[in-house]
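Reviewing the structure listed below.
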Amino acid sequence: MSGHSFQYSRAANADDARNQASKPGVTFLAGGTDLLQLWKSGALAPAAIVDISRLPLDDVEFSDGELSLGALARLSDVAAHRDVTRYHPLIAEAILASASGQIRNMATVGGNLLQRTRCPYFRNEQLACNKRNPGSGCGAQSGESRQAALFGTSPLCVATHASDLAVALVALGAEVEVFGSEGARRFSLRDLYRLPGETPEHETNLMQGELIAAVHVPNAARFAACSTYLKIRDRASFDFAVVSVAAALQIENGKIVEARLAAGGVAPLPWRLDRAEAALTGSVLDGPTIAAVGDLAVEHARPLADNRFKVALLRNAVMRALQGLESRT
Amino acid sequence: MAPSSSVPISLTINGQVLESSVSACDTLLDVLRDTLGMTGTKKGCDMGACGACTVLLGGRRIKSCLALAASCDGSSITTIEGIGGADKLHPLQAAFIRHDALQCGYCTPGQIMSALALLEERPANLEAIREGMSGNLCRCGAYPNIVAAIAEVAGL
């Protein structure tokens with residue numbers, strides 16, 4: 001056994017899961033790929049784990065243009081699903097750029113969205129981290145800050161969000177459906193996440209015991225012909241993004257009528273590049289536009305000592321993603 | 001089910017049904033190696049990074065160090081012990097030997113179990129094999145020969 005011990009129970013249904021997890025110190029187990037790492041590293045010490053992996057929340061459905069991903073759908077199943085590859089290739093691309101074949105067979109959609117940061121200070125219980133241990137300080141700001149965020153940071157935390165899938169889903173305007181004591185509610189995936197501010201330990205707007213049931217992607221098939229997920233990492237495969245970009249365009253008569261751009265590895269949450277999107281809309285996708293959009297993508301970046309390279313990397317990644325799309329049109 | 005620190009489980013391992021009581025915190029890897037004495041599956045990093053612990057769960061490759069044994073209750077698991085042995089090698093095992101696809105051999109059971117699942121995905125070319133095997137590290141650096149062995153069995 002690796003760490004602090006916990007109790008195990010299996011949820012009979014979603015109501016039972018919510019009830020069992022309504023107490024502090026109780027956490028859900030789905031695929032377990034992040035939870036077990038967090039537990040083994042000492043970053044998380046749950047008193048009890050509620051296994052939700054058998055709940056019937058693993059359907060992938062496509063109807064009336066809306067794609068619905070059950071929170072417990074395995075990433076490999078989502079990436080291989082015919083409607084995902086046909087209408088939302090951006091989602092499949094982002095998933096296939098994530099982790100390894102083994103992990104994608106285990107990891108779930110909901111778990112992926114709720115995975116914790118890969119900041120080395122968070123993942124090592126010996127080090128100072130306000131997210132793991134509020135008030136202990138942020139080791140990354142004065143220490144190794146290569147992985148740190150460029151946007152949305154606070155004096156208390158500079159950690160980035162690690163999910164590729166979340167970047168693609170935020171670009172596509174996805175919504176999450178959650179289930180809690182007040183019943184079901186549905187809101188923008190972007191609003192699932194909180195900026196660190198004064199409370200970096202609170203990463204999402206979920207209440208204790210609240211369960212993600214599904215992710216809904218509104219009709220986004222108009223982007224199917226012109227989207228890409230570009231992931232820059234330290235090795236060619238099986239690594240987290242240093243910087244990633246999800247780009248999706250709808251082009252009519254040579255002009256961009258709608259643009260979606262989001263970046264990963266640069267903020268505490270999947271980061272929509274709104275100003276860059278606005279600059280693309282109504283423009284022709286050409287060299288000058290792409291250069292201007294690259295500059296806009298990084299205009300409010302606030303790097304630390306070791307992550308200045310990410311400013312140029314993000315700018316270039318945005319440009320390269322758009323150049324890739326330009327060559328297809 | 002009430003929260004408990006000990007959980008009775010039933011696993012079908014390499015076709016054989018095994019009943020056991022496991023700790024709530026036991027990983028599938030620890031149950032295979034320490035409870036059941038099936039040490040063919042290796043523990044490398046124990047953090048999901050190296051792939052030495054790869055087994056098939058319901059026919060799909062997973063990392064057994066990141067699977068909670070209690071959560072695997074009722075599953076069918078295939079380990080390296082279940083696919084072949086010295087007297088009757090699996091074609092992948094024979095290919096690994098032929099291509100000298102190992103040095104120390106510690107990662108080999110995981111490489112072979114991962115490759116077995118990858119073959120089901122029908123990799124189209126050598127690049128697809130390299131990408132598909134990225135969840136299995138080999139510290140001896142036998143990668144070119146591992147890819148060659150898998151390619152041969154895949155008919156590439």
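The values are calculated or read from the model by the stated rules, or taken from the named source; none is laboratory data. Treat the numbers as computed from the prediction; the structure is a model and nothing was measured. Here the Cβ is made from the backbone with ideal geometry for all residues, glycine too, and neighbour counts use every protein chain on show.
Restricting segment A:174-198 to residues that are touching a Leu at 6+ places or on another chain (Cβ under 8 Å) and of a type in the set (Gly, Ala, Ser), which is surrounded by the fewest Cβ atoms within 10 Å (Cβ to Cβ)? Explain how you work it out, then say what you get.
First pass over segment A:174-198, keeping only residues touching a Leu at 6+ places or on another chain (Cβ under 8 Å): A:174-176, A:178-180, A:189-190, A:192-198.
Those left that are additionally of a type in the set (Gly, Ala, Ser): A:174, A:180, A:197.
Working: A:174: 25, A:180: 18, A:197: 14.
Per the criteria, the residue is A:197.
Does segment A:141-150 hold any residues that are in contact (Cβ under 8 Å) with a residue 24 or more places away in the chain and not acidic (Asp, Glu), and which are they?
Once the filter is applied, which keeps residues that are in contact (Cβ under 8 Å) with a residue 24 or more places away in the chain and not acidic (Asp, Glu), segment A:141-150 yields A:141, A:145, A:146, A:147, A:148, A:149, A:150.
Given the criterion basic (Lys, Arg) and within 21 Å of residue A:108 (Cα to Cα), identify the matching residue among A:185, A:222. Even if it seems obvious, please write down each step before you answer.
Values: A:222 fails: within 21 Å of residue A:108 (Cα to Cα).
Of A:185, A:222, the one residue that is basic (Lys, Arg) and within 21 Å of residue A:108 (Cα to Cα) is A:185.
Among the numbered conditions (1) in a helix (DSSP H, G or I); (2) more than 10 Å from chain A (Cβ to nearest Cβ); (3) under 26 Å from residue A:41 (Cβ atoms); (4) of a type outside the set (Gly, Ala, Ser), tell me where residue B:113 comes up short.
(2)
With the structure loaded, tell me whether residue A:267 is of a type outside the set (Lys, Arg), at pLDDT 95 or above, within 29 Å of residue A:202 (Cα to Cα) and over 17 Å from the mean Cα position of the chain (by Cα) or whether it fails that test.
Values: of a type outside the set (Lys, Arg): yes; at pLDDT 95 or above: yes; within 29 Å of residue A:202 (Cα to Cα): yes; over 17 Å from the mean Cα position of the chain (by Cα): no.
So residue A:267 does not fit the description; no.
For the subset of segment B:68-82 comprising residues that are touching a residue at least 60 places away in the same chain (Cβ under 8 Å) and of a type in the set (A, V, I, L, M), which member is surrounded by the most Cβ atoms within 10 Å (Cβ to Cβ)?
Initially, segment B:68-82 is screened for residues touching a residue at least 60 places away in the same chain (Cβ under 8 Å), giving B:69-70, B:72-79, B:81-82.
Applying the additional criterion that residues be of a type in the set (A, V, I, L, M) yields B:69-70, B:77.
Details: B:69: 25, B:70: 27, B:77: 25.
Among those residues, the one meeting the criterion is B:70.
Collect the residues in segment A:123-157 that are under 17 Å from the mean Cα position of the chain (by Cα) and among the hydrophobic types (A, V, I, L, M, F, W, C), keeping them in residue-number order. Step through it out loud before you land on a result.
At the first step, the residues of segment A:123-157 found to be under 17 Å from the mean Cα position of the chain (by Cα) are A:147-153.
A:148, A:149, A:150, A:151, listed by residue number.
Of a type in the set (Gly, Ala, Ser), in a helix (DSSP H, G or I) and within 11 Å of chain A (Cβ to nearest Cβ) - does that describe any residue in segment B:133-151? Don't jump to the end; show me each part of the working.
To start, the set of residues in segment B:133-151 that are of a type in the set (Gly, Ala, Ser) comprises B:134-135, B:141-142, B:148-149, B:151.
With in a helix (DSSP H, G or I) added as a condition, the list becomes B:148-149, B:151.
Okay, now just the ones that are also within 11 Å of chain A (Cβ to nearest Cβ), so none.
Within segment B:133-151, not a single residue is of a type in the set (Gly, Ala, Ser), in a helix (DSSP H, G or I) and within 11 Å of chain A (Cβ to nearest Cβ).
Given the structure, is residue A:210 surrounded by 17 or more Cβ atoms within 10 Å (Cβ to Cβ), at pLDDT 95 or above, acidic (Asp, Glu) and more than 22 Å from residue A:51 (Cβ to Cβ)?
Judged against the criteria, residue A:210 is not a match.
Under the condition of being outside any loop (DSSP other than H, G, I, E, B) and hydrophobic (A, V, I, L, M, F, W, C), which residue from segment A:1-26 is farthest from the other protein chains (Cβ to nearest Cβ)? Before you say what the answer is, go through the steps one by one.
Narrowing segment A:1-26 to residues outside any loop (DSSP other than H, G, I, E, B): A:7-10, A:14-20, A:26.
Add one more test, that the residue is hydrophobic (A, V, I, L, M, F, W, C), and what stays is A:14, A:17, A:26.
Numbers: A:14: 15, A:17: 11, A:26: 8 Å.
Among residues in segment A:1-26 that are outside any loop (DSSP other than H, G, I, E, B) and hydrophobic (A, V, I, L, M, F, W, C), the one farthest from the other protein chains (Cβ to nearest Cβ) is A:14.
Rundown of residues vs (1) under 21 Å from residue A:51 (Cα atoms); (2) not small (Gly, Ala, Ser), yes/no style:
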residue	(1), (2)
B:71	yes, no
B:75	yes, no
B:84	no, no
B:108	no, yes
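Take residue A:80 and decide whether it is modelled with pLDDT of 95 or more, among the aliphatic types (A, V, I, L, M) and surrounded by fewer than 24 Cβ atoms within 10 Å (Cβ to Cβ). Show your work before the answer.
Values: modelled with pLDDT of 95 or more: yes; among the aliphatic types (A, V, I, L, M): yes; surrounded by fewer than 24 Cβ atoms within 10 Å (Cβ to Cβ): yes.
So residue A:80 fits the description; yes.
Checking the condition within 14 Å of another protein chain (Cβ to nearest Cβ) and farther than 28 Å from residue A:19 by Cα, which residue from A:236, A:225 passes? Spell out the reasoning first.
On the way: A:225 fails: within 14 Å of another protein chain (Cβ to nearest Cβ).
Being within 14 Å of another protein chain (Cβ to nearest Cβ) and farther than 28 Å from residue A:19 by Cα holds for just one of A:236, A:225, which is A:236.
For segment B:116-129, name all the residues that are part of a helix (DSSP H, G or I) and either buried (at least 18 other Cβ atoms within 10 Å of the Cβ) or touching a residue at least 60 places away in the same chain (Cβ under 8 Å) (or both).
B:116, B:117, B:118, B:120, B:129
Which residues, taken from segment A:249-275, are of a type in the set (A, V, I, L, M, F, W, C) and over 25 Å from residue A:194 (Cβ atoms)? Write out each step before concluding.
Looking only at segment A:249-275, we keep the residues that are of a type in the set (A, V, I, L, M, F, W, C), and these are A:249, A:251, A:256-257, A:259, A:261-263, A:266-267, A:269, A:271, A:273.
A:249, A:251, A:256, A:257, A:259, listed by residue number.
Of the conditions (1) closer than 29 Å to residue B:26 by Cα; (2) buried (at least 22 other Cβ atoms within 10 Å of the Cβ); (3) touching a residue at least 60 places away in the same chain (Cβ under 8 Å), residue A:19 satisfies every one except a single condition; which number is it?
Answer for residue A:19: the failing condition is (2).
Just checking, how many residues over segment B:22-42 are within 19 Å of residue B:108 (Cβ to Cβ) and either out of contact with any Ser or Thr (no Cβ under 9 Å at 6 or more places or on another chain) or facing chain A (nearest Cβ under 7 Å) (or both)?
Pass one, segment B:22-42, residues within 19 Å of residue B:108 (Cβ to Cβ): B:29, B:32-33, B:38-42.
Okay, now just the ones that are also either out of contact with any Ser or Thr (no Cβ under 9 Å at 6 or more places or on another chain) or facing chain A (nearest Cβ under 7 Å) (or both), so B:39.
Summing the residues that are within 19 Å of residue B:108 (Cβ to Cβ) and either out of contact with any Ser or Thr (no Cβ under 9 Å at 6 or more places or on another chain) or facing chain A (nearest Cβ under 7 Å) (or both) in segment B:22-42 gives 1.
Are there any helices (runs of 4 or more DSSP H) wholly within segment A:27-128 with 3 or more residues that are within 14 Å of another protein chain (Cβ to nearest Cβ), within 29 Å of residue B:110 (Cβ to Cβ) and touching a residue at least 24 places away in the same chain (Cβ under 8 Å), and if so which? Spell out how you get there, then give the answer.
On the way: elements: A:35-41, A:75-80, A:82-87, A:89-96, A:101-106, A:109-113.
Passing ranges, in order: A:35-41, A:75-80, A:101-106.
Residue-wise test of (1) among the small types (Gly, Ala, Ser); (2) more than 19 Å from residue B:60 (Cβ to Cβ); (3) at pLDDT 95 or above.
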residue	(1), (2), (3)
A:2	yes, yes, no
A:12	yes, yes, yes
A:33	no, no, yes
A:36	no, no, yes
A:59	no, no, yes
A:63	yes, yes, no
A:67	no, yes, yes
A:97	yes, yes, yes
A:102	no, no, yes
